[in-house]
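Novice: I have a structure here, written as C-alpha cells, and I will follow up with some questions on it.
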Amino acid sequence: MNQKANYRIERLLLDATSELGFSGDVIIGESKSDAIAMAKEMSSESNANCQHMVFFVDGSRVLKPKNKSQSSITHGESELVAHLGAAVVYKSFQSSQGWQERHFALPNEQCSTLAELFAIAHGLAVATEEVMILRSQDNIGPGRMATGHSVVIFSDSTSALEQVRKLREKEAVTNAQVISDPIIRKLVTRSQYLHRIGVRVELRWVPGHSGVEGNLRADAAALQAAKAQDMSVHIDEGLRLIELEAISKTTNKQPPSPERQQKEKPATKKETY
C-alpha cells in the first residue's frame, strides 16, 4: 500500500468522522511515582489480556555534520543537521516473543517535539492495526462494536501530550489542517475510528529514564532510528484492514481471515515517510 492509497483511505476515514479532533483521554497530571507504577502495572497486564493493549512511544534527535566525512565534535551547531527518529514498542497478542518494535525516521525536520508527536501518531496507527487483526480473529464482523477493548499509549513528552490534548478542544482543528498535516490526520482519523468501534483510547505520561522497560526500549529504538535514518518503514496494515472491513460491510461478506490476507498480500510492499 503506497502513500497515495494510504491518503485515499485516510480521507474516507475523515469523511466518516462526525467531528474534527482527537478522540481519547490525555492524562498528564499524575505524580512521578504514580505514573511509573501505572505504566509498569498496565504493561505487565497487557500481555495477559489482549483486550487492553499498551504501547510505549518515543522520539529522538541527534545532530550530525552536514559534511558526512567530518566529525560532529569539531563543528558548531550551525554546521550540523538534526536527524529525528521515532519508535513504537509493544507486546503483541499475536506473538509470544515479547516486545515488538516499530521505528521511523523523519525527513528534513528540526523540532524534537515533532518527533514525539510523530511517535504518538504512529503508536495510534500501530494500535489500530492490532485492534483490526484482533477483531478479525475474534470474528467481530463489520459494523459490530469492539466494546471492552482499550488502547493505552505511554509517552514521556509532556509537551507533545499537551499538543494532543489541545486537539480535543472544540474547533481546535480545521479541515485544512487535517488534510495537509499527516501527523494531525493520523491522530484524528485513527482515534475517531477506534472511538466509533467502541475502543477506548488513552494517552498517558510516563517519566523518561525511570526504569519502565517499555519506555527504555522505545527510547533506544528511537535513537537508533534517528541515527540510521532508514526511511523505509512498515506498511500501514491498519489502513488496509479498515478498507477490507469497509468493502465487506458493503457486500455483507466477512473480511478475509488473517491467514488468507497473508497469502494474498503482494510479495514486495514498502511505504516511505
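Novice: For segment 83-104, how many residues meet the condition of being at pLDDT 80 or above and either surrounded by fewer than 24 Cβ atoms within 10 Å (Cβ to Cβ) or not in a strand (DSSP E or B) (or both)?
Specialist: The number of residues fulfilling the criteria is 8.
Novice: Just to be sure, is Ile120 at pLDDT below 90, of a type outside the set (Ser, Thr, Tyr) and not in a strand (DSSP E or B)?
Specialist: For Ile120, the condition - at pLDDT below 90, of a type outside the set (Ser, Thr, Tyr) and not in a strand (DSSP E or B) - is not met.
Novice: Can you name the residue in segment 176-225 that is more than 20 Å from Leu114 (Cα to Cα) and among the polar types (S, T, N, Q) and is also surrounded by the most Cβ atoms within 10 Å (Cβ to Cβ) among such residues?
Specialist: Ranking the candidates gives Gln192 first.
The values are calculated or read from the model by the stated rules, or taken from the named source; none is laboratory data. Please read these numbers as outputs of a predicted model, since none were measured by experiment. Positions of Cβ are generated from backbone atoms using ideal geometry, with glycine treated the same way; all protein chains shown enter the neighbour counts.
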